[in-house]
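These notes concern the structure reproduced below.
The values are calculated or read from the model by the stated rules, or taken from the named source; none is laboratory data. Since we're looking at a predicted model, the values are computed, not measured. All Cβ positions, glycine included, derive from the backbone under ideal geometry; neighbour counts span all protein chains shown.
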Amino acid sequence: MPDTTKLIENLVEKYGKKRESLLPILKGIIEEERYLSEERMLEVAKALDISGAEVYGTASFYSFIDLKPRGKHIIRVCKTIVCDMKGKNEVIKTIKDCLGIDVGETTTDGMFTLLQTNCIGQCDHAPAMLIDGEVYNELNAEKVRNIIKEYKLNRQN
Amino acid sequence: MITLKINNTQVEVPEGTTILEAAKKIGVEIPTLCHHEDLCVAGNCRVCVVEIKGRPRLEASCATPAENGMEVFTHSAKVRNARNVITQLLLSEHAEECTLCYKNGNCELQNLAEEYYHDDEMFIDLAHEREHRIDKSTALRYDPSKCIRCQRCVRTCAEIQGVNALSAAFKGKDMMITTFMEKTFGEVVCTNCGQCVVHCPTGALTERTYYDEIWEAIEDPDKHVVVNTAPSVRVALGEPFGLEPGTIVTGQMAAALRRLGFDSVLDTDFAADLTIIEEGNEFIQRLKKKFVDGEEVALPMITSCSPGWVKFIEHMYPDLLDHLSTCKSPQQMFGALAKTYYAEKKGIDPAKIVSVSIMPCTAKKFEANRPEMKSSGYQDIDAGLTTRELAKMIKQAGIDLTKLPEEDFDSIMGESSGAGVIFGATGGVMEAALRTVYEIITGREVPFRHLDIQPVRGLDGVKEATIKFENCKSEYSFLEGAEVKVAVAHGLRNARKIMDQIKEGKSPYLFVEIMACPGGCIGGGGQPIPTNDEIRMKRIEAIYREDAGKPIRKSHENPEIKQVYEEFLKKPLGEKSHKLLHTHYTKRNRY
C-alpha cells in the first residue's frame, strides 16, 4: 500500500485544489484503499481548504464511496426489480454459502465484501452483479460459484 | 420595470424581482419555509408554489423572477391543494411533538400546519423511523427528527459565517443535515454562534436551555443569585411580548428580573466599560511597545468580546491568536468580579453566589464553561441564558413585561456609560474604545460630533475609519501626527477578509473589532426570532438612542469604574486585572 499522505498529495497535484476536484480525489482514494476513512476525509478537507462536513456531505451521497472498511474485492449484487424477479435472491444465497458472510459483511481474511446495489443497467441480462469494476450477468448458482472460485484461486497464485 | 398581475391585481416591480417579493408588495403573503431574506434562494421546500397562467406546472415563487404580462395566482384551488399536500408531506417526516417543543408558538412549520389544518394524517408518519439522536452540547441542541431539511442552517453557516460546520449528507429518504461524521457540535469547527438557531424554521436547532437550574438557584434561600444583562438584550426583549423591534425596555427588564427573584440585578454594561479601560490601555501599551521599545508585538490588535469570533479564530487562524486582545469578554469580567470584588464589598461568601448572565448569544454558554474561566476560584459565570430564555422565564412567572414600571439596576456593578451600551451594535466596541483611547492620548474628546463615530456604524460588512492623533500629551508624543487606521467586521465571513489580509502581512490596520453575528450582538444567536436586516437596523437605532440619552457617554467617566480601580483593581493592566480580567486562548484543530 502506498504512503497515504503521498497518495493525497499526488491526487491533489493531478486534479487541482478546486472544489470540483473533490469527487475525483475521493474516487482516487477509493481505488487505492476501497473505503474512505475519517482521517482521509480530514486530509482531503485540509488539502482543498474546505470543511470536513463538506467532504462528508459529498462522500456520503455516493453509494460507491464507502465509509466503512471493505474487503479487497467488493461484490455488489443488483437489487432492483428486474434482477429481483430473475433470481437475485438465489445469487445472494449462493455467495453467502460460498463466503460465509451476510450482506454488508466482509470475510475474516479481508478478501470479500458482499453488498447490494441499485440498478447497474443490466436489466436485459438479469440477474447481474459487479465485482470491483467487472460486470457479471445472466447469473445462476453454478455461474456464481465458478466466479467466486476463480477469485479465490487468483488470490492463491 | 415589469408589470404583472397577481390575483388579478396589477403590480409594477423592478426587473429581477421574484414573484414572492412582488406579491408582498401588494399585501399577498405567500407562505415560505426554506426561504430567508438573509440567504440565497434554495427553492427546495416547495411551500411557496404558485400557479402561472400558461405554464403547466406550479412554480416556486421564491425562485421565479416576475416577467412582463405574467398572470399569477397565489391561492387558487390548485395551489391550495398542492400546498396542503406539501405541508402534510413535510409533517409526515417531522416529529410532531409540539407540546414538548421549545419552539412551540414560534415555529414556521407549526404556523403552516395551522393554516392548512387537517383533522387526520394524510400520509404515514415517517418521523418515528428517523433517528432520534439529540445533540446536547454546551451551547446548542440539535434534534434531527424535527428537521425538515430546508438547509437554512447549512446556508447560514456557509454564507454568513463561512464556517461550514453543517452540510447535507446522504440522499433520498436518508438525506440529513449533519456535522462532520455526525459528531456533536462540541467536537467540530462549530463556533456556537447560534445563527443556525436563529434561521431554523422549526425546533430542530435550538439553544441548550439552563433556566430550570436558575429557577432552582433562585428558590434556594442559601444562594445569592446575581444577574447581569448584556446591552443588546434591552433593545430586543420587548419583541417576544409583542412590542415593536427597537423598543427600549431597560427599565422594565430590570423590574422583571427583580420580580423573578434575582437577589441583585446588575449590568453587563458596567463590565463593558471595564473592558474598554483594560482593552484601551492594552492597545496603547502595544503601540508603545512597537513604536518606542521596538518590540515585536502583534498588530492589529483585535477585540475579544465575541465568543463565537474567539472560537472561530482558535479553529481557523490558530497562528494569529497573538492578535487577540487578552481581555476577557464583559460577561467573563463581570463573573470574575462578582465572586471577588462584589462578594467582598457585600460581605457574601462567594461559594454561595450564583452568577447568571442574560445574553443575546448562544456562544456565551460555551464561554462560561471554558475551563480557564475560573479566576475567582469558582466558575466565574454559572450560566448564560439567551434573551429568548429570559422571555420564557418572565412568561412562566406570569409577568407582563409591557405593564411593568421602569426600575434601575442595583449597585455596585450596575452603573454604565453610553459607551458600554453601544457594545451591542457592530462598531460599538471600536467607538467606545476610541472615545477613551483618544482622550487618554490627547486629553481631549474624540473629534466627532456628539462623540458619534459615524464611519464605524451601520450594516456594511467591513467598515473603516482613520483617527489622527494631534497635540498629544507629552508621554504619548510618539503618536504625534499618527493616523491610526481601524476596521470593524461583523459576520464571520467578513472577519475572514480581515484575517486573510493579516495572514498575508498586508493589513493596514492597527485596531480591529470583530463580532461573530451580523449586526453585532443585537443580531446574536440568542436573540428573539425572527431576525432580518430591517429588525437588526431597528435594534441598532435603539442602541444608539440609549447611548445618546445617557448622562455619561465615556467608559472612563463611569463613577463605578473609577471606584473599582480605586478600591480593588488599583490600575489598568495591573496585577489584579491580569489575574481576573485577562485570559489566554487555545489553538484548535480546524478539521
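Run down B:Glu108, B:Glu67, B:Glu97, B:Glu159 and say which single residue is outside the structural domain of B:Lys392 (by TED's automatic domain parsing) and over 29 Å from the mean Cα position of the chain (by Cα).
The unique qualifying residue is B:Glu67.
Modelled with pLDDT of 95 or more, buried (at least 22 other Cβ atoms within 10 Å of the Cβ) and in contact with a Phe, Trp or Tyr (Cβ under 6 Å, 6 or more places away or on another chain) - does that describe any residue in the stretch B:519-537?
The answer is no, given that none of the residues of the stretch B:519-537 is modelled with pLDDT of 95 or more, buried (at least 22 other Cβ atoms within 10 Å of the Cβ) and in contact with a Phe, Trp or Tyr (Cβ under 6 Å, 6 or more places away or on another chain).
Within the stretch B:110-141, restricting attention to residues that are among the small types (Gly, Ala, Ser) and buried (at least 18 other Cβ atoms within 10 Å of the Cβ), which residue is nearest to the other protein chains (Cβ to nearest Cβ)? Explain how you work it out, then say what you get.
Looking only at the stretch B:110-141, we keep the residues that are among the small types (Gly, Ala, Ser), and these are B:113, B:127, B:137, B:139.
Those still in the list that are buried (at least 18 other Cβ atoms within 10 Å of the Cβ) too: B:113, B:137, B:139.
Working: B:Ala113: 29, B:Ser137: 15, B:Ala139: 18 Å.
Of everything passing the filter in the stretch B:110-141, B:Ser137 is nearest to the other protein chains (Cβ to nearest Cβ).
Considering only the stretch B:473-496, state which residues are in a loop (DSSP other than H, G, I, E, B) and buried (at least 19 other Cβ atoms within 10 Å of the Cβ).
B:Gly491 - this is the single residue of the stretch B:473-496 that is in a loop (DSSP other than H, G, I, E, B) and buried (at least 19 other Cβ atoms within 10 Å of the Cβ).
Of the residues B:Gly251, B:Gly238, which single one is at pLDDT 95 or above and touching a helix residue (DSSP H, G or I) at 6+ places or on another chain (Cβ under 9 Å)?
Step by step, each of B:Gly251, B:Gly238 is checked, and only B:Gly238 is at pLDDT 95 or above and touching a helix residue (DSSP H, G or I) at 6+ places or on another chain (Cβ under 9 Å).
In the stretch B:2-39, which residue that is surrounded by fewer than 13 Cβ atoms within 10 Å (Cβ to Cβ) and within 26 Å of B:Leu91 (Cβ to Cβ) is nearest to the chain's Cα centre (by Cα)?
B:Glu37
If you check B:Met413 against the conditions, is it hydrophobic (A, V, I, L, M, F, W, C) and either in a helix (DSSP H, G or I) or surrounded by fewer than 24 Cβ atoms within 10 Å (Cβ to Cβ) (or both)? Break it down into steps so the answer makes sense when it comes.
Details: hydrophobic (A, V, I, L, M, F, W, C): yes; either in a helix (DSSP H, G or I) or surrounded by fewer than 24 Cβ atoms within 10 Å (Cβ to Cβ) (or both): no.
Criteria not met by B:Met413.
B:Tyr565 - would you say it is away from every other protein chain (no Cβ under 14 Å), within 22 Å of the chain's Cα centre (by Cα) and surrounded by fewer than 21 Cβ atoms within 10 Å (Cβ to Cβ)?
no
So which residues in the stretch B:507-522 are in contact (Cβ under 8 Å) with a residue 40 or more places away in the chain and out of contact with any His (no Cβ under 7 Å at 6 or more places or on another chain)?
Correct list: B:Ser507, B:Tyr509, B:Leu510, B:Phe511, B:Val512, B:Glu513, B:Ile514, B:Ala516, B:Cys521, B:Ile522.
Please enumerate the residues belonging to the stretch B:264-311 that are among the acidic types (Asp, Glu) and without any contact (Cβ under 8 Å) to a residue 40 or more places away in the chain.
Listed by number, the residues that qualify are B:Asp293, B:Glu295, B:Glu296.
Looking at B:Arg545, B:Arg539 in this structure, which one is under 16 Å from the mean Cα position of the chain (by Cα), over 25 Å from B:Met373 (Cα atoms) and outside any loop (DSSP other than H, G, I, E, B)?
On the way: B:Arg545 fails: under 16 Å from the mean Cα position of the chain (by Cα).
Of the residues listed, the single one that is under 16 Å from the mean Cα position of the chain (by Cα), over 25 Å from B:Met373 (Cα atoms) and outside any loop (DSSP other than H, G, I, E, B) is B:Arg539.
If I go through the stretch B:556-572 residue by residue, how many of them are farther than 19 Å from B:Val437 by Cα and among the hydroxyl-bearing types (Ser, Thr, Tyr)?
Total meeting the criteria: 0.
Run down A:Lys68, A:Lys86 and say which single residue is outside the structural domain of A:Glu32 (by TED's automatic domain parsing), modelled with pLDDT under 95 and not β-branched (Val, Ile, Thr).
Going through A:Lys68, A:Lys86 in turn, just one is outside the structural domain of A:Glu32 (by TED's automatic domain parsing), modelled with pLDDT under 95 and not β-branched (Val, Ile, Thr): A:Lys68.
The rows are residues; the columns are (1) buried (at least 24 other Cβ atoms within 10 Å of the Cβ); (2) modelled with pLDDT of 95 or more; (3) among the aliphatic types (A, V, I, L, M).
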position: B:Gly242; (1), (2), (3): no, yes, no
position: B:Asp263; (1), (2), (3): no, yes, no
position: B:Ile277; (1), (2), (3): yes, yes, yes
position: B:Gln285; (1), (2), (3): no, yes, no
position: B:Lys289; (1), (2), (3): no, yes, no
position: B:Ser304; (1), (2), (3): yes, yes, no
position: B:Trp309; (1), (2), (3): yes, yes, no
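Can we say B:Thr184 is at pLDDT below 95 and out of contact with any Phe, Trp or Tyr (no Cβ under 8 Å at 6 or more places or on another chain)?
yes
Within the bounds of the stretch B:219-227, is there any residue that is more than 27 Å from B:Met333 (Cβ to Cβ) and touching a residue at least 12 places away in the same chain (Cβ under 8 Å)? Before you say what the answer is, go through the steps one by one.
Let us first name the residues in the stretch B:219-227 that are more than 27 Å from B:Met333 (Cβ to Cβ), namely B:219, B:221.
Still in the running and touching a residue at least 12 places away in the same chain (Cβ under 8 Å): B:219.
The answer is yes, given that some residue of the stretch B:219-227 is more than 27 Å from B:Met333 (Cβ to Cβ) and touching a residue at least 12 places away in the same chain (Cβ under 8 Å).
Could you tell me how many of the residues in the stretch A:108-135 are touching a helix residue (DSSP H, G or I) at 6+ places or on another chain (Cβ under 9 Å) and buried (at least 19 other Cβ atoms within 10 Å of the Cβ)?
7
State yes or no: is B:Arg133 at pLDDT 95 or above and among the charged types (D, E, K, R)?
No: the conditions fail for B:Arg133.
Tally the residues that are closer than 21 Å to B:Phe170 by Cβ and touching a helix residue (DSSP H, G or I) at 6+ places or on another chain (Cβ under 7 Å), restricting the search to the stretch A:34-47.
Matching residues across the stretch A:34-47 total 7.
Go through the residues of the stretch B:439-448 one by one and say whether even a single one is hydroxyl-bearing (Ser, Thr, Tyr) and not in a strand (DSSP E or B).
For the stretch B:439-448, residues hydroxyl-bearing (Ser, Thr, Tyr) and not in a strand (DSSP E or B): present.
May I ask you to verify whether B:Glu504 is exposed (fewer than 15 other Cβ atoms within 10 Å of the Cβ) and touching a residue at least 24 places away in the same chain (Cβ under 8 Å)?
no
If you go through the stretch B:21-54 one residue at a time, how many are closer than 17 Å to B:Thr87 by Cβ and of a type in the set (A, V, I, L, M)?
Residues in the stretch B:21-54 being closer than 17 Å to B:Thr87 by Cβ and of a type in the set (A, V, I, L, M): 5 in total.
Please verify whether B:Thr138 is in a loop (DSSP other than H, G, I, E, B) and touching a residue at least 24 places away in the same chain (Cβ under 8 Å), treating the condition exactly as stated.
yes
Here are some residues: A:Ile25, A:Ile101, A:Ile75, A:Ile92. Which one is without any contact (Cβ under 8 Å) to a residue 24 or more places away in the chain and buried (at least 19 other Cβ atoms within 10 Å of the Cβ)?
A:Ile25
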